[in-house]
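Throughout, read-outs are computed from the coordinates displayed, never taken from laboratory work. Everything numeric here is computed off the predicted structure, so don't read it as measured data.
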Amino acid sequence: LYMEESGGQDGFWTWRTTSGQGWLWTAADTYPFCYSAASSSWVYFYEIPGMGLWRYDFGSASWLSD
């Protein structure tokens, strides 16, 4: 993850290179939900023990493995 400092306390943008996800916005009160600038939709991150990190993309209504 590469973080972009915005100077605000409400949340932050981060650049995620995995699967070309690009810029994601999140905050302490919204994570594990993140807003994706690339898909203009929300994604939900979920770690499944033994299966790794997964994300649900609300825009495409699908689960994707990272």
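Compactness check for the chain: Cα Rg over 2.2 N^0.38 Å is 1.10. For region 10-20, backbone phi angles converted through the Karplus equation (6.51, -1.76, 1.60; θ = phi - 60°) give residue-by-residue couplings of 7, x, 7, 9, 9, 9, 10, 7, 4, 6, x Hz, Gly and Pro being listed as x. Within the listed set G11, G22, G52, the Gaussian network model of the chain (springs between alpha-carbon atoms below 10 Å) gives the highest mean-square fluctuation for G52. Applied to region 36-46, the Karplus parametrisation 6.51 cos²θ - 1.76 cosθ + 1.60 on θ = phi - 60° returns per-residue 3J(HN,Hα) values of 9, 5, 5, 9, 6, 8, 8, 10, 10, 9, 8 Hz, with x for Gly and Pro.
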